[in-house]
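Before any comments, here is the structure.
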Amino acid sequence: MEAPRSISHAVWIGTVAFAVVMTGLGIDRYLTYHSGEDLGVFVQAIADAAHGMHDQGESGSHFSHHFSPILFLCAPFLAAFRSPIALIAIQACACASMAPAIYLLARRRMDERLSTLAAMVALVYPPLIGVAFTDFHEDGFAPAIAAWLLYAVDGRNFRLAALLALAALGIKEDQAYVLGVLGAGYAVWSACHKDRAGTIFGASVAIASALVLIAFFGIILPRTGAGRWFAIDYFSPTVHGSAQGPNVVLGRLSYLVEAFGPLLFLPLRSPWLLLAVPGLVEVLSSRWPIAYTMGQHYAGVWIGYVLAAFVMALAQLSSKDARRARALATWCLAICLAVNVVASPAHFGHYLRWRTAHDRALDRILARLPAGASAGSVDEIFVHMSLDPQARTGYLRGLDYYVVDTRYESQAWHAVYLPQLERQLASGRYAAMAVDDGVILYQRM
């Protein structure tokens, strides 16, 4: 069944609704001071796109940590709106754009009703919601680009597929590992089926992936002064916070249940699930549990492939029993919705609330910071200062201003930030210049 050129109105409505709702939720998280440090780090890096993408959190260029040229596409939007909200909206739209690809991929093999159901399941799939809602990361582009890439390859539109493969390679260096494995595998499979065009495409993707890895590790990282790839710590047995004992197995098993349970484990019925193996291996081999904690951006590396496998499993079922396939897709939709309400990996109950007088007090204090002055604060406040290239997380030595929220409470506050602040105030070099509802602005004298 050939895919139609048009996409159903329901899918378009769902796609726009997803983008609007997730942007709105992200704005609430930001305005109520619940966004994390990473959003601020990306704001600083992207705002400096013309000069090497430097940011304070990574103590240099973002390219000293990741190969992410796709971030240059975000720079005009951030420059135009001058707010971290621009990145929140970009991530929401990027994740939403997966639905049309899933619909078109399904439409080649199913009727419009079931294809629309598959796209709707994708939009409410809890891991995708988690990626869309978490702080901005380049991984937010991965699910949709992967889905569109599979759609193009499935339709043998290798020109479009080549452009999408290049876009994927520009997301992050781990995409070169994923596409390198998949490209080589597709080349071998195509060669076995005497498919010359497919063999050339797969081999080209594998070669391009290898060149990206060589360029990043052999040229870019040394020139940034990084010394070594920081992410190697994710796989080190001595990394701080690595899982121990039974948690090594149980954490990974629960992650897999969260990935496949909302889809009733249907992707396991399709050989297309093999496409998700490289991404799943990456996150599950991490010694740092946050990498296989649902609701984090790391899931972006495999979501597109799992949902494609879900589509293919539905197609296989539909060819035998269309009514049963629709019933299972409807159950998946209901389960995904229930998970998002009851146990969402996005943890909406923690991050979302109405704006308060205390939030407005934080706004007023931050408005008193002179432009260009170096200033430090905790993660959630730093995000609101991040358009200033001198702003940073924490109360480090030598900063001109510190913003302190006396109502702030967290483990990091007691373990890291409060000791830093106490050392600086004990030096006698700082004095309070403004106090508003428990928010204090200290200035270096």
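Numerical summary
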read-out	value
Top-ranked residue of region 43-57 - restricted to ones that are out of contact with any strand residue (DSSP E or B) (no Cβ under 6 Å at 6 or more places or on another chain) and either outside any helix (DSSP H, G or I) or touching a residue at least 60 places away in the same chain (Cβ under 8 Å) (or both), ranked as surrounded by the most Cβ atoms within 10 Å (Cβ to Cβ)	43
Lone unmet requirement of (1) under 26 Å from the mean Cα position of the chain (by Cα); (2) of a type outside the set (Gly, Ala, Ser); (3) surrounded by 14 or more Cβ atoms within 10 Å (Cβ to Cβ) for residue 230	(3)
Answer residue from region 1-42, given it is more than 22 Å from the chain's Cα centre (by Cα) and outside any helix (DSSP H, G or I) and is modelled with the highest pLDDT among those	8
Selection status of residue 108, touching an Asp or Glu at 6+ places or on another chain (Cβ under 9 Å) and surrounded by fewer than 23 Cβ atoms within 10 Å (Cβ to Cβ)	yes
Exclusive hit being assigned by TED's automatic domain parsing to the domain that holds residue 133, in contact with a helix residue (DSSP H, G or I) (Cβ under 7 Å, 6 or more places away or on another chain) and closer than 19 Å to residue 123 by Cβ, set 292, 305	305
Some residue of region 270-287 being more than 30 Å from residue 236 (Cβ to Cβ) and among the hydrophobic types (A, V, I, L, M, F, W, C)	yes
Residue count, region 405-438 (criterion: among the polar types (S, T, N, Q) and either more than 23 Å from residue 361 (Cβ to Cβ) or more than 36 Å from the chain's Cα centre (by Cα) (or both))	2
Residues satisfying the stated conditions in region 320-371, i.e. small (Gly, Ala, Ser) and without any contact (Cβ under 8 Å) to a residue 24 or more places away in the chain	327, 334, 338, 343, 349, 367, 371
Scan of region 59-69 for residues that are buried (at least 20 other Cβ atoms within 10 Å of the Cβ) and either of a type in the set (Asp, Glu) or assigned to a helix (DSSP H, G or I) (or both), ordered by number	62, 63, 64
Cross-chain or 6+ apart pairs with Cβ under 8 Å, region 142-168 first and surrounded by fewer than 21 Cβ atoms within 10 Å (Cβ to Cβ), then not in a helix (DSSP H, G or I)	154/108; 155/3; 155/108
Evaluation of residue 141 against (1) in contact with a Leu (Cβ under 6 Å, 6 or more places away or on another chain); (2) in a helix (DSSP H, G or I); (3) of a type in the set (A, V, I, L, M, F, W, C); (4) more than 22 Å from residue 333 (Cα to Cα) (one fails), failing number	(1)
Complete set of residues in region 400-420 that are surrounded by 15 or more Cβ atoms within 10 Å (Cβ to Cβ) and either without any contact (Cβ under 8 Å) to a residue 24 or more places away in the chain or part of a loop (DSSP other than H, G, I, E, B) (or both)	400, 408, 416, 418
Some residue of region 255-277 being outside any helix (DSSP H, G or I), assigned by TED's automatic domain parsing to the domain that holds residue 70 and over 16 Å from residue 127 (Cβ atoms)	yes
Failed criterion for residue 398 (all others in (1) under 29 Å from residue 430 (Cβ atoms); (2) modelled with pLDDT of 95 or more hold)	(2)
Qualifying positions in region 20-42 - surrounded by fewer than 21 Cβ atoms within 10 Å (Cβ to Cβ), among the small types (Gly, Ala, Ser) and either in contact with an Asp or Glu (Cβ under 8 Å, 6 or more places away or on another chain) or over 20 Å from residue 355 (Cα atoms) (or both)	36
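The values are calculated or read from the model by the stated rules, or taken from the named source; none is laboratory data. All of these numbers come straight from a predicted model, not from anything done at the bench. Neighbour counts run over all protein chains shown; Cβ positions are idealised from the backbone, glycine included.
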